[in-house]
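S.K.: Dropping the structure in here first, questions after.
Values in this text are rule-based calculations from the coordinates and carry no lab data. Bear in mind the structure is a predicted one, so any value in this text is a computation, not a measurement. Note that each Cβ is placed from the backbone with ideal geometry, even for glycine, and that neighbours are counted across all protein chains shown.
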Amino acid sequence: MVFTSHVFIFYFLPLVLLIYYALPFQRNLLLLAASYVFYGWWDPRFVLLMLFATVVNYICGRAIAAAGPDRPKATVALVISVAASLGLLGFFKYFTFAEENLNRLLTTFGAGSIPVWRIALPIGISFYIFHNISYTVDVYRGVAPPVRSFRDFACFIALFPQLVAGPILRYNVIAGQLVQRAHTLDKFSAGTALFILGFAKKVLLANAIAPMADAAFAAESPGVVDAWLGVIAYAMQIYFDFSGYSDMAIGLGRMIGFEFPRNFDAPYRSESITEFWRRWHISLSTFLRDYLYIPLGGNRVSARRNYFNLTVVMLLGGLWHGANWTFVAWGAFHGGFLAFERMLGKKSAYAAFPRPLRVGLTFVLVLISWVLFRSDTLADALRYLGAMFGTGGFAGRSILLAGELYNPGRLLEIALCAALAFGPIQAMDWVNKLTWLRAAGLIALFAVGLATMFSQAFNPFLYFQF
């Protein structure tokens, strides 16, 4: 089930909200049941996998709390929790990848290959595994109390607004809300408005511009203009797709009393790669910082070790996105620039330039990285980058791509996306000051979005694959 489907909008969500506000108690139990239905809509078998991970980490969290000052026992429980969680993630997400690379190695040395076991990837496993890890680590560190009941913990892991694509919720942020949270008309209204804006981002912007990116990246010999326009389209697609999902998730959370953290803050207005990672997928950035970068020593180590830590964290962050060397290269690209900018004092090499130029150069670097992220193989990425910088032998634009890239409607769409992406107004801030005029505009926007949704083919959110 996806947010941009008639099943969710017309049946699932209204029914859940109706029962939720009709119940005087056991609301977390209702959310848990609804979340399992939501997740099991794709494949009920994977609900059992999520339940297994939930049970293991709940038991480990209880063991950590029961150990008290006995740190060795608490440490053992934490190690079991993290090992079990990462073991599940590693098996389902990287086992086939490891087999394929082993076969390449065996073939290189003239040995026979082994059969490759194709394993289905459970949707959202990367997100709910991180939620589990955040719980046991927070309890171990003493920054959050152990959950009071299995029901509440299972609700935290499976909470349907953020279950399959984030934002990544850290237990110490949401622990108190699992026990008690405020339900107000203003909060519900802001949540509804944010959901509508996220819905519009996905249906009216991301989905509409996706064919431009798909056509450019599928072309055998794109020209320079084709390649740049295609990767700009993809940059807009992934931003409005993922930020749209985050807005919808945060909005749904507010409808049921939760306050989730902001996940995007105008990332394409960044003046450096360092600033970009303070604005893009903020919940992932802070998770990697607090649960990986700081334990590695953070910036409390030598400069050389600090650069190493930044690079390793981003390499792992890239691999978290998918079992492909393109994601590793994407992580290495960002990790290298983060280390370089740290060496310059957290500034870019072009920090002395005027702000518009700093923003533009940062955006170009991000576009280069998106080629790595979008391409199926490293060879495809290098071919596309070659086209962008004129080494592919064709400097103009392809007649074959004219219909997808250069028709007035598509160009207007990409211009609108750019204006919104680089603009100062953010959805989370805009909904905090609702007026009757804005409400009327949102109703009209939602109506247009619904009409458009029914005319589009099934198009799930990009981050479902991660």
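S.K.: May I ask you to derive the relative contact order of the chain, considering only C-alpha pairs under 8 Å and at least 6 residues apart, and to give it as an integer percent?
M.R.: 18
S.K.: List, in order, the whole-Hz ³J(HN,Hα) value for each residue of region 229-237 obtained from phi through the Karplus relation with A = 6.51, B = -1.76, C = 1.60 and θ = phi - 60°; use x for Gly and Pro.
M.R.: For region 229-237, the Karplus curve yields 5, x, 6, 5, 4, 5, 4, 6, 4 Hz.
S.K.: At 0.36 nm per residue, minus the direct Cα-Cα distance, what do L48 and V79 gain on full extension? Give it in nm, one decimal, please.
M.R.: Computed gain between L48 and V79 is 8.9 nm.
S.K.: For S270, which sequence-distant residues (separation of 5 or more, or a different chain) have an amide H within less than 5 Å of its own amide H, given hydrogens modelled in the peptide plane?
M.R.: It is none; the list stays empty.
S.K.: Scale the Cα Rg of region 6-180 by the rule-of-thumb value 2.2 N^0.38 Å and send over the ratio, two decimals.
M.R.: In units of the 2.2 N^0.38 Å rule of thumb, it is 1.22.
S.K.: What lysines does K202 reach when the alpha-carbon gap must be under 25 Å and sequence neighbours fewer than 8 apart in one chain are set aside?
M.R.: Once the sequence-local lysines are set aside, what remains near K202 is K187, K433.
S.K.: Given Cα positions, please report Rg to Rh for region 264-391, the hydrodynamic radius being the Kirkwood one.
M.R.: 0.97
S.K.: May I ask for the net charge around D247, where only other residues with Cβ less than 13 Å from the Cβ of D247 are counted and Lys, Arg are +1 while Asp, Glu are -1? If you can, show how the numbers build up before the last one.
M.R.: Working: positive: K201, K202, R254, R262; negative: D241, D265, D429.
For residues surrounding D247, the net value is +1.
S.K.: Once Rh is set to the Kirkwood radius over Cα pairs, what Stokes-Einstein translational diffusion coefficient, in µm²/s, holds for the chain at a temperature of 25 °C and a viscosity of 0.890 mPa s?
M.R.: Reported coefficient: 104 µm²/s.
S.K.: Sticking with this structure for a sec: Short version: ³J(HN,Hα) in whole Hz for each residue of region 309-325, in order, from phi by Karplus 6.51 cos²θ - 1.76 cosθ + 1.60 (θ = phi - 60°), x for Gly and Pro, what are they?
M.R.: 3J(HN,Hα) across region 309-325, in whole Hz: 4, 4, 5, 5, 4, 6, 4, 5, x, x, 5, 4, 6, x, 8, 7, 5.
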